[in-house]
1. Which condition breaks for LYS26 when tested against (1) farther than 24 Å from VAL103 by Cβ; (2) under 16 Å from the mean Cα position of the chain (by Cα); (3) of a type outside the set (Asp, Glu)?
2. What number goes with the only condition from (1) touching a residue at least 60 places away in the same chain (Cβ under 8 Å); (2) assigned to a strand (DSSP E or B) that GLY76 does not pass?
3. Where residues in the range 79-97 are not in a loop (DSSP other than H, G, I, E, B) and not aromatic (Phe, Trp, Tyr), which of them is farthest from CYS46 (Cα to Cα)?
4. If I ask for residues that are of a type in the set (S, T, N, Q) and surrounded by fewer than 19 Cβ atoms within 10 Å (Cβ to Cβ), which ones from the range 77-134 would you list?
5. Quick check: is even one residue across the range 4-23 among the charged types (D, E, K, R), farther than 27 Å from ALA106 by Cα, touching a Ser or Thr at 6+ places or on another chain (Cβ under 9 Å) and assigned to a loop (DSSP other than H, G, I, E, B)?
6. Condition test on THR100, is it outside any loop (DSSP other than H, G, I, E, B), in contact (Cβ under 8 Å) with a residue 24 or more places away in the chain and within 21 Å of VAL126 (Cα to Cα)?
Amino acid sequence: MSQAWRPLPKLDDENRFFWTSGADGKLRFMHCDACDYYIHPPSPMCPKCLGQKVEPKAVSGAGAVRTFTINHQPFGPGLATPYAIAVVNLAEQDDLNLTTNIVDAAPEDVRFGMPVQVIFEAHGEVHVPLFKPV
């Protein structure tokens, strides 16, 4: 799905790795080395063990649709509707979720539990993670 318009994040020191990591085709989340826990949104401290040795780590990009909604409201110029907004649960951790769009599928075909794989939509330095069915 390539949109004519998409709101883009403001990059800062805490989130830059997440929004730019798709340049090499890898989805990355902050990860705690002490307890092997993925952290999203990014944080300098692990919420599970309070460890401070956290750094970006690539994940497989495989997941499943946890929940979704079909949006019919055009929130920006050139934004084609309808489209699926979903919370995708990543395979690496039961509570590692990402709110995203499901692409390469008709909105009415999106289902709970549907297996998906990350792809990226490039906007300059920012690579927006989207998911398509597998």
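The values are calculated or read from the model by the stated rules, or taken from the named source; none is laboratory data. Because the structure is predicted, anything quoted here is derived from the model rather than measured. Neighbour counts are summed over all protein chains in view; Cβ atoms, including those assigned to glycine, are modelled from backbone coordinates with ideal geometry.
1. All conditions pass for LYS26, except number (1).
2. (2)
3. ALA84
4. Correct list: THR81, GLN93, ASN97, THR99, GLN117.
5. Checked the range 4-23: at least one residue is among the charged types (D, E, K, R), farther than 27 Å from ALA106 by Cα, touching a Ser or Thr at 6+ places or on another chain (Cβ under 9 Å) and assigned to a loop (DSSP other than H, G, I, E, B).
6. Considered against the rule, which asks whether it is outside any loop (DSSP other than H, G, I, E, B), in contact (Cβ under 8 Å) with a residue 24 or more places away in the chain and within 21 Å of VAL126 (Cα to Cα), THR100 comes out as yes.
Yes or no, residue by residue, for (1) modelled with pLDDT under 95; (2) under 30 Å from ASP13 (Cα atoms); (3) of a type in the set (D, E, K, R):
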residue: ARG66; (1), (2), (3): no, yes, yes
residue: LEU79; (1), (2), (3): yes, yes, no
residue: ASP95; (1), (2), (3): no, yes, yes
residue: ALA105; (1), (2), (3): no, no, no
residue: PHE112; (1), (2), (3): no, no, no
residue: VAL116; (1), (2), (3): no, yes, no
